[in-house]
Every structure is written in C-alpha cells, then in structure tokens.
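Chemist: Below you will find the structure I want to go over with you.
All of the numbers you see were taken from the coordinates with simple rules; none came from a lab. Because the structure is predicted, anything quoted here is derived from the model rather than measured. Here the Cβ positions follow ideal geometry from the backbone for every residue, glycine too, while neighbour counts run over all protein chains shown.
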Amino acid sequence: MKLERITIDNFRQYCGKQRVDFAKDEQKNVTVIHGVNGAGKTSFFLSINWCLYGKSLDNVKVIDNVGELMSKEAVNQAAIGDTIRTSVDLAFLHNGERYLVKRTLQGIKLIDGTVNVEDNDSFTMMRTKADGQAERINNPIGTMNSILPVNVREYFLFDGEKIDNFAKPEAAAQVKQAIYLVLKLEILERARRHLEAVATEYRKELKNKSGQQLRDLLEQEEKARAEIIKAKERIYDLHQEKESAERKIADIDKRLREMENTNILQQQRDRIERELKQRRTEMEDVVAIIRDLATSGYYVVAETAIKKAILLLEEKRARGEIPSDYRQQFIRDLVDKMVCVCGRPFCDGSEEHRTLLAKITHGLPDTLQDEVLNTCAVLQAFEQRTEKHRADVDSAMRRRAELVDIVSSLEAELDDVSRQLKGSPLEVISKLERNRENFHADIQGYILEIGSLHEREIKFVKDIAELKKEIDRARREEKREVLLSTKLDLAQRAADAIADMYQTFADDMRGKIQEKTKEIFKKLVWKESHFQDVKLGPDFNLEVIDRYGYSARPELSAGERQVLSLSFIMAMSRISDEEAPLVMDTPFGRLSSHHRNTIAEQLPILATQLVLFVTDEELRDEARQNLESRIGAEYRLEFSPRTSCTEIVEVR
Amino acid sequence: MHKERLSNLFETFDPAVKNIILGVLDIEQEHISMEKPRVKEHIDEIISAVAKKEIEKLDEQERP
Amino acid sequence: MDIPVSRDTVSIDESVHYIYKELTDGTDPVTVPFKTMKDVFMWAASLGNKRGERRPIAGKKLTIFRWAQFSSQTDIPVVKAISLADGDDINVLLSQDEMLNLVEEYANAGIHDLRTRLFDEHGQPLWNLVQCL
C-alpha cells in the first residue's frame, strides 16, 4: 500500500476541505508534517485510521475516545436544519492498482445548536481499472483485509508514543501477537482449524452412507432378469410340448376317423368338440356381460339414497321454492315492466306484484334451480333403470347357468365317446384312445404351468421396474459419496499439511525477524560493538546480548530500548512485505539526539514510504539534514485560536 | 515475497492440496478482522471445485 | 353447470389402496371383476351409504382418479343423490368439494364391506358381486 493523497473535510479541527499529497517516489519517499503539540497531528493521524476503518470494525476499536468527529467551526457556521458533512477520502496504490476510499458522516443541525448525527457513516471503496474507469468494490471490508487488515494496522499506522512497547520485558506476549498477526500465522492457524472442522463434517456425513446397497441391488436385478429368461425359455418349451401333444392328438383323431370301426364315434367327437368350443366362447361373452353389468350396477345399491333425494327435491318444488316453469330472470323482468305473466299490467303493491316478488325472494338462485331440475329428472329415471338392470343381470346369469349345463353335458358326451373307444375290444383302438387321453391331460398340465409362469414373469418385470428406481437412486448416492470422500481426503490433507509446516514456518519467521531486527538495530545504534546479538527466542522475548554473552537489556538506555522496538517493527514490516507505509506520529520525541540522527538517516531506506508527524524540536539540525534528500513533500499544520481550526499549509 | 514464501512452503505437497490451501488462506485473509468468520461455505466451495477436478482427472485416466 | 370447481381429484386412504388393487389387478373377470378404480369406488360409496357408515380419511391421501372420469348419466347423479340424502340440504349440489368429501367418506367405510363380500364369502368374487345387486 502506498498513500497518494488524503482529503480531509470538516474532520475535527480541520475546517473545510484540506488536502495532502504524499511523497511516493522511490528516492523521495518521505512526507514530513510539522506541527506544535495540539496543532492537529493526532487528528490527522486519526483521520487516516477513521477513513480506512471507521470508528470500530468487527469489534476492533479503531478510534478510542473520539469525542466529536465533526468540525465545530463547520457546525457553528451551519444554519439550523442544514446538513453538515464530515468526510475523509484517501487515494492509495496497492499492487499496481489505484484505490480510492471515502468515509462520510453527516448530520443535521438542530435548533439547540447540536447536531443530530446519523448512526452510520457511509463507506465506499473504488478501484481504477486499466482503462481509467473507476469501479465500485462490493466487498470493501474483505478487500481492506487483503490489503491492510484492521488488526495489524497499529504496526504500520504507528503511534510514536508506543515506541518502546516491544522492548519491555513484559512485552513477550505483545511481540508474539505482533508476529502472529503481521506474518499471517493467525491466518495459517485459522485455515488449519477451519479445514479440520470441515473435514470432520465431511467425515460425519460420509458415515451415514452405505456403499453396499448398489451392489446388492444390481445383483438382485440380475437375478430377476435371469428368472425371466428362465421362465420365457420354459414357456417356449412348454408351447413346443403342447403343440407336439396337440399334433399327436390330431394324428390319432385322423386315424380314428379313417378306421372303419371308429370313424362314426370320431366324427361324433369332432362335432361335440366344435360345439363345445362355440359354447365356451359364448360363455366367456356372457361372463363379460355379467361383469360389466355387475360393476356398473352399484346405483342399484344406492336406491335408498336416490329415493330420499327425489323426495327432498320434490318437496322443495311443492313448497314453491322452485318454480317449475318460471325462471328468476323472467320474473324480475316482469316486475320491472310491471306486467303479469299473462300480459296484463298490474299496479305497484297489488297482489300480483306481491306474488311475483315473493317468487323472487323465496326462489333459489338460477344455478341451483338448474341443478335441482336436472338432477330430479335424471334420478327419477333411475327407478326404471334399476328394474331393467336387475332384469338384464338375471337373464345373463340364467343364460350362463344354461351354458354351464350345456357345456357340462357336452363334456359328459365326450367322456362317453372316449369310454367307448377305450373299451373297444380292439387293442389298437383302446390304446390309441388311452394315449389320446394322456396327451390331453398333458396339455392341461402344460397350460396350467404356462399360466403360472406368465404370472411369475409379470411379477419379476414389476420387481425389475422397482429395482431400477432404487438402482438409480443408489447410483446417484454413490456419486455423491465419491465426491464427499474425495473432499474429505483433500480437506484432511490440507489441514495436515498446514499443521506439518506451521511450526517450521513459525520458527523460520521468528528466525528471520530476529535476523532483520538485529540488522536494523545495528544500523540504528552505533554503539554496535557493544552489542553482540539480538535474539528473539521461542518464548518471544526480545533480547539484546552483550559481548560477554549476557542479556544486555537491563543496561539499555531508554532510547536504545525505543530503537530496539522500532527495529522490531521495521523488521516485521520488511519481512511481511505487506508493503504498507510507515506513518509515525512523533517518533523522535523521546530519543536522544544521536539516535535521532541515525534513525532519520536510516528510516527512509528501511521503509517504502514514510510519513512523519513531527514537532520542530524533534526534527532539527543533523537529523533534519540526514532526512533532507529523501523528503518529497512537506506540510505545516497551523492552528488558529480564533477559529479553532487547523490549516494545512504546503511548505514546498 | 512473503506470499511466495508461503506458497513455497507447500511446494512439496500435491498441487490439489496446495491449491486448496492457497485458496483458503485468501479467504481467511479477507475475513481476518472478524472474530467468528463465516468461512465454512467458501471453504466448502473451494474444496468441492478442486475435488470435482480431481475426480474428472481420475475418470479420464481410467479410460483406455 | 355453474358449480364452482374446486378440487377435481378423488382420493382414498393410502391404507386401503391394496384393496383397490386386489379388485382391479388381473385379467380374469371372475376372480378380478373390476376394470376401473372408479367403479370400485362407486361400489364402495354405495355400500357405505346403504349401511349408513361414514369414515373420514385418517391417513395419507392418495389420488386415484379425477372427477372427469365420472359418467354424467350414472356416476354424477348417484353422487348427488348420496349428497342430498345425507343432509337434506339442496345447497350441497353447488359445492363439488362437499360432495366429494362426502362420497369419499362413504367409500372409505364401504370398501371394507365390499372386500368382505367379494373375497371372504364362498364362491368367486364376480358371483358374490352379483349377489349384492
């Protein structure tokens, strides 16, 4: 992130619109902003924070003890009922793209002079595309988190008052926290935790599934198909057998017809069989008729209800509620025209008039009348229908009974013929007849078996249809399972990978920060020969080791402690390459002059962009000189007691 | 550079795993300011996408 | 007819569906007399009505056919007759919903009776059915 420009409008003691363009060259990367205490440095610092993050963000308090953000002067000058606006917009570069963020707060001035400030400020973030067009960013907080998250800001937007915090003995926790956040260890840790949680969920889901099902179902389907094939083959064989038996019977019949002793009997048999066939067909037809009559004859059962219904309808009719001839509309028309049905006019209030009116008010709505009339008519016809229906059924049943007898007697005749033939003294004839009888019995057997095999086939076909549905379902399940188990595998491996590398990474980072801190510390503290080493142990204590190998921390001067802290911060900044500007408020205030000078010289080299808020006391003489060549922008904050406003004045 | 370092950290792992880790890290970064971020859905999305690709790759390998 | 049309499906209790299937699933008219579920339903409703028994559908409802399958010559008049005989109120003719509810409840009671008469008595179902006339 590299700051380009800030525009402050009515923010605290900055009245109206004021602007600062930050130095951002590689060489001249230092912006100096002068001001005596109280001139507005803190507010300026605050404005950057507020612009980027607001008063608080996701429970991280950005601005403590804010008081009022709106410029008092602007409030004074506004008329009652006017809207007062406070805003800060910040343009910055990041990863080669230009962003513009703006935060606005507004309120209305009330009669008593106070401002009714809206609860929420408005925040917009835009990005300039390659073609120069600005596009709005829909997820500003997420984007800010990718650029400079709110919880690491204090290591970059840096309050100089806290400069020696990290070098204090009790600062270990703070140091750890700083590294944790800035170096994204927190992010790694969260990633690992969440991946674990996700893997656990996948595992739970997976447990509830069973892969066995599909296999079983497919087996079942195969079996069913095999059964169908078996049945079909058997049916085919049986048909063959039946046909062969039928042919044999036909042969026997032929012979019997030809033989002198038997041809009369055989002809008799031929005739009886023909008639039998006919009668059987007739019987089938009669049964079909009986069936149709029976299944449609339920209304016969309902005759009580029908009678009752007819009575009800007739009653309504009798009571005059249903004019059998008249219709409501007709009657209304008559009343309108004041003319009777027969054509004679009548007077208002006359008896004819009253009767007709009664017919309208006591009559039923037209639709209901239609219903009643139609239904009544149809139901009345049912009595006759019932009689006829019963008669038809009786006659059909009688016919069937007749046919049963006829068939019975025909069959008896056949038996008789057969007996005669079997009883023939001629061996050849009785044998033929006995064979014929056997074949006939065989055929009956085949027919039965074919019938039951057909049923079997049908059952299996139904089973297969059901199975198919289940198989499809199981297939879909399986696909889902495969996906789920792959996801589980990946999630778990990712979590494990992070766990694996985390410690190594953390140690590596700690090591690098240690080295960098040492490097920077050496540059900034010229008594380097006095110090041997800088250590950042696994306990996260920042230590300086003297040449005798002991911790030199007790001997560090206040200034040296501050420089150590600063070195640590700078080290973090470099290593994390968040590439954020270092904005420091009164960094030199508590340093000794020689430290100040060195720092002034080194800071611009160590930071990619530097914004320094200084009092004149801080930046003088040599320190100033050391900084000079790097200063790309310089401003002065001038506070006017009269207006209580600070004006930002460009110095160069 | 830091991001590169992170990326390099996972070089030795399966590219699919690496992709997931980098994706998840991005999500986490975006939500870093929240104490209880709702990232599970995003993470599931990332994993699903990578998983589907892996399955596809395997299917293709199985074809003669 | 200007009767306001509400629902036009006829339903039975899922738990008696098997009886309907028993009575229609098959080719032999003597053992499986009925061709359509509608016929079974009308018989059940008529029997239920004859015995004066109604049973509201307690379980899950299953649609087995639509109002359109009723014949205007026989089925619908019988439905109306049953509805009229039930409550003495001719306005029921204007509500297809009410009439359907009514016959469904009669059918729900009568279906068991039908089954008993056809299958539990001696003899083939078709002849038992004829006996009912």
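Chemist: Tell me, what ³J(HN,Hα) does each residue in the stretch A:640-647 have, in order and in whole Hz, if you take phi through Karplus 6.51 cos²θ - 1.76 cosθ + 1.60 with θ = phi - 60° and put x for Gly and Pro?
Modeler: Per residue, the Karplus-derived 3J(HN,Hα) values read 10, x, 5, 9, 6, 10, 9, 10 Hz.
Chemist: Relative to the first principal axis of the alpha-carbon coordinates of chain A, what is the inclination of helix A:212-258, with its axis defined by its Cα atoms, in degrees from 0 to 90 and to the nearest 10?
Modeler: Approximately 20 degrees, to the nearest ten.
Chemist: Classify the protein assembly as shown: rounded, prolate or oblate, from the alpha-carbon gyration tensor (a ≥ b ≥ c, eigenvalue square roots; a/c under 1.5 rounded; otherwise prolate if a/b is larger than b/c)?
Modeler: oblate
Chemist: Taking DSSP loops as anything outside H, G, I, E and B, show the longest stretch in chain A free of chymotrypsin sites (Phe, Trp or Tyr not before Pro) there with at most 14 other beta carbons within 10 Å. Don't skip to the answer; put the middle values down first.
Modeler: On the way: sites that count: A:Trp526, A:Tyr548, A:Tyr550.
So the longest stretch without any such site is A:1-525.
Chemist: Moving on to the next point. Exceeding 29 Å between C-alpha atoms, which entries from my cross-link table qualify? They are A:Lys102/A:Lys518; A:Lys512/B:Lys53; A:Lys102/A:Lys176; A:Lys479/B:Lys18; A:Lys232/C:Lys21; A:Lys242/A:Lys468.
Modeler: Flagged as over cut-off: A:Lys102/A:Lys518; A:Lys512/B:Lys53; A:Lys102/A:Lys176; A:Lys242/A:Lys468.
Chemist: Once amide H atoms are built 1.01 Å from N in the peptide plane, which residues 5 or more positions from C:Arg55, or in another chain, come under 5 Å H to H?
Modeler: For C:Arg55, the qualifying residues are C:Tyr106, C:Asn108, C:Ala109.
Chemist: Taking only Cα atoms, what is the 0 to 90° angle, nearest 10, from helix A:41-53's long axis to the longest principal axis of chain A?
Modeler: The answer is roughly 10 degrees.
Chemist: By DSSP, what percent of the beta bridges with both residues in the protein assembly as shown are antiparallel, rounded to the nearest 5? Intermediate results must be reported in sequence, preceding the final value.
Modeler: Working: 59 of 76 bridges.
The answer is about 80 percent antiparallel.
Chemist: Here's a follow-up. Normalised by the residues of chain A, what does the relative contact order come to in percent, with Cα pairs under 8 Å and at least six apart?
Modeler: Normalised by residue count, the contact order of chain A is 26 percent.
Chemist: For A:Glu519 and A:Asn139, what does the FRET efficiency come to when R0 = 35 Å and r is the distance between their Cβ atoms, rounded to the nearest 0.05? Provide the component values of the computation, followed by the final result.
Modeler: Details: r = 38 Å, r/R0 = 1.08.
Calculated value: 0.40.
Chemist: Take the alpha carbon gyration tensor of the stretch B:2-62, find the square roots of its eigenvalues, order them as a ≥ b ≥ c, and report rounded if a/c is under 1.5; if not, report prolate when a/b exceeds b/c, else oblate.
Modeler: The shape class here is oblate.
Chemist: Mind checking Rg over Rh on the stretch A:184-226, alpha carbons, Kirkwood formula for Rh?
Modeler: Computed over Cα atoms, the ratio is 1.49.
Chemist: What distance in nm separates the two pseudo spin-label positions at A:Asn116 and A:Asp616, each 7 Å out from Cα along the beta-carbon direction?
Modeler: So the two model labels end up 4.7 nm from each other.
Chemist: Can you pull the semi-axes for the stretch C:9-124, root of five times each eigenvalue of the Cα gyration tensor, sorted largest first, whole Å? It would help to have the intermediate numbers written out before the result.
Modeler: Working: eigenvalues 114, 42, 39 Å².
Square roots of five times the eigenvalues give 24, 14, 14 Å.
Chemist: What nm distance separates the two modelled labels at A:Gln27 and B:Glu62, each placed 7 Å from Cα along Cα→Cβ?
Modeler: Result for the modelled spin labels: 6.6 nm.
Chemist: For the stretch A:27-32, in order, what is each residue's ³J(HN,Hα) by Karplus, 6.51 cos²θ - 1.76 cosθ + 1.60 with θ = phi - 60°, in whole Hz (x at glycine and Pro)?
Modeler: Values, residue by residue: 6, 9, 10, 10, 10, 10 Hz.
Chemist: With θ set to phi - 60°, apply the Karplus curve 6.51 cos²θ - 1.76 cosθ + 1.60 along the stretch A:123-128 and write out the HN-Hα couplings as whole Hz, x wherever there is a Gly or Pro.
Modeler: 10, 10, 10, 10, 10, 8
Chemist: Given a Förster distance of 51 Å, report the FRET efficiency between C:Thr116 and A:Asn261 from their Cβ-Cβ distance, rounded to the nearest 0.05.
Modeler: Working: r = 58 Å, r/R0 = 1.13.
For C:Thr116 and A:Asn261, the calculated efficiency is 0.30.
Chemist: Using amide H atoms built in the peptide plane, which far-off residues or other-chain residues are under 5 Å from C:Phe65 H to H?
Modeler: C:Val10
Chemist: Between the stretch A:72-101 and the stretch C:59-126, what is the C-alpha centre distance in whole Å?
Modeler: 78 Å
Chemist: If I model a spin label at C:Glu53 and A:Asn37 as a point 7 Å from the Cα along the Cα→Cβ vector, what separation in nanometres do I get?
Modeler: Between C:Glu53 and A:Asn37, the label points sit 10.2 nm apart.
Chemist: Within 10 Å of each candidate Cβ there may be at most 14 other Cβ atoms; applying that plus a DSSP loop requirement, which trypsin sites (Lys or Arg not before Pro) in the stretch A:443-532 survive?
Modeler: A:Lys527
Chemist: Taking only Cα atoms, what is the 0 to 90° angle, nearest 10, from helix A:366-422's long axis to the longest principal axis of chain A?
Modeler: 60 degrees
Chemist: Right, something else. Using helices alone, I'd like the mean residue ellipticity at 222 nm for the protein assembly as shown: each DSSP H run of four-plus residues gives -39500 (n - 2.57), total over residue count, nearest 500.
Modeler: Per the formula, -20000 deg cm²/dmol.
Chemist: Starting from the amide H of A:Met70, placed 1.01 Å from N in the peptide plane, find each other amide H under 5 Å away whose residue is 5 or more places distant or on another chain.
Modeler: Those lying under 5 Å, H to H, from A:Met70 are A:Arg12.
Chemist: What FRET efficiency, computed as 1/(1 + (r/R0)^6) with R0 = 35 Å and r the Cβ-Cβ distance, is obtained for C:His17 and A:Arg480, rounded to the nearest 0.05?
Modeler: Calculated value: 0.65.
Chemist: Whole Å is fine, so just give me how far the alpha carbon centre of the stretch A:251-280 lies from that of the stretch A:129-207.
Modeler: The stretch A:251-280 and the stretch A:129-207 have Cα centres separated by 105 Å.
Chemist: OK, next. Scanning chain C for trypsin sites (Lys or Arg not before Pro) in DSSP loops with at most 15 other Cβ atoms within 10 Å, what's the longest stretch left with none?
Modeler: Details: sites that count: C:Arg7, C:Lys35, C:Lys60.
Result, exposed sites excluded: C:61-133.
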